[in-house]
Amino acid sequence: MGWNDELIADYRANGKPTKGPFVGRQVLLLTTKGAKSGADRTVPVVYSTEGNDYVVVASKGGAPTSPSWYHNLKANPSVTVEVGRERFAARANIAKPDSERLRLYAAHAKVHPGFLDYVKKTTRRIPVIRLERVGPSSA
């Protein structure tokens, strides 16, 4: 079992991370459809909220490229979100215009200060995504 798989298994078993770098942070599990493969791909992602929406940032730690999950949701914005023990369908909406992206990024960085460093590490425009619930939840 790989590192990501262990984090996901821990999250699903406990409704939150109990070990590793995500302990004590707001984390959700995001499942996207592979842009090329069509296979389900699940990743743990830190989040913030605005209203009823969950906000995630495709920072990849300030790397010069976006994470794979971002390319997947661009190709297919229908995603599944797991927060705690709740699971629901959502639509991924990339924040536009840039003023909205910057506002949401700043709010996200207040919750997760490390994101302030990520913008300094890259020249790319780091995407911000709203996850809007579209389906009922299940446990």
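The values are calculated or read from the model by the stated rules, or taken from the named source; none is laboratory data. These figures come from a predicted structure and were not determined experimentally. Using ideal geometry, Cβ is built from the backbone for each residue, glycine included, and neighbour counts are taken over all protein chains shown. Surface areas here come from the heavy atoms of the whole protein model, side chains and all, with no ligands, DNA or RNA. Shrake-Rupley method; radii C 1.70, N 1.55, O 1.52, S 1.80 Å.
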Label assignment, mean projected area of the Cα convex hull in nm² derived from the structure, set [x] 9.4; [y] 10.4; [z] 8.4 = [z]
Residue-ordered couplings for the range 81-90, obtained by feeding phi - 60° into the Karplus form 6.51 cos²θ - 1.76 cosθ + 1.60 and rounding to whole Hz (Gly and Pro as x), are 10, 10, 10, x, 9, 8, 9, 8, 7, 9
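Nearest 500 deg cm²/dmol is fine: what mean residue ellipticity at 222 nm does the chain get from its DSSP H runs of n ≥ 4 alone, each adding -39,500 (n - 2.57), divided by its residue count? Please list the in-between numbers first.
On the way: 4 runs with 41 residues, N = 139.
Counting only the DSSP helices, I get -8500 deg cm²/dmol.
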Can you give the accessible area per residue of the chain, in Å², using a 1.4 Å probe?
-> 54 Å²
Note the direction-averaged projected area, equal to a quarter of the hull surface, for the Cα convex hull of the range 32-86, in nm².
-> 4.4 nm²
How far is it, in nm, from the label point at E50 to the one at E100 when both lie 7 Å from their Cα along the line to the Cβ?
-> 0.7 nm
Percent of accessible area on the chain owned by carbon and sulfur, 1.4 Å probe?
-> 51 percent
For the range 69-110, what is the convex hull volume of the alpha-carbon atoms per residue, in Å³?
-> 92 Å³
Members of K33/K60; K74/K96; K19/K60; K74/K110 lying beyond 23 Å, as alpha-carbon distances in this model show | K74/K110
In the neighborhood of N76, defined by Cβ-to-Cβ distances under 12 Å, what is the net charge if each Lys or Arg adds +1 and each Asp or Glu adds -1?
-> +4
Filtered trypsin sites (Lys or Arg not before Pro), the range 22-114: DSSP coil and at most 16 other beta carbons within 10 Å | R25, K36, R85
In nanometres, the difference between 0.36 nm per residue of separation and the alpha-carbon distance of A107 and R124 is 4.2 nm
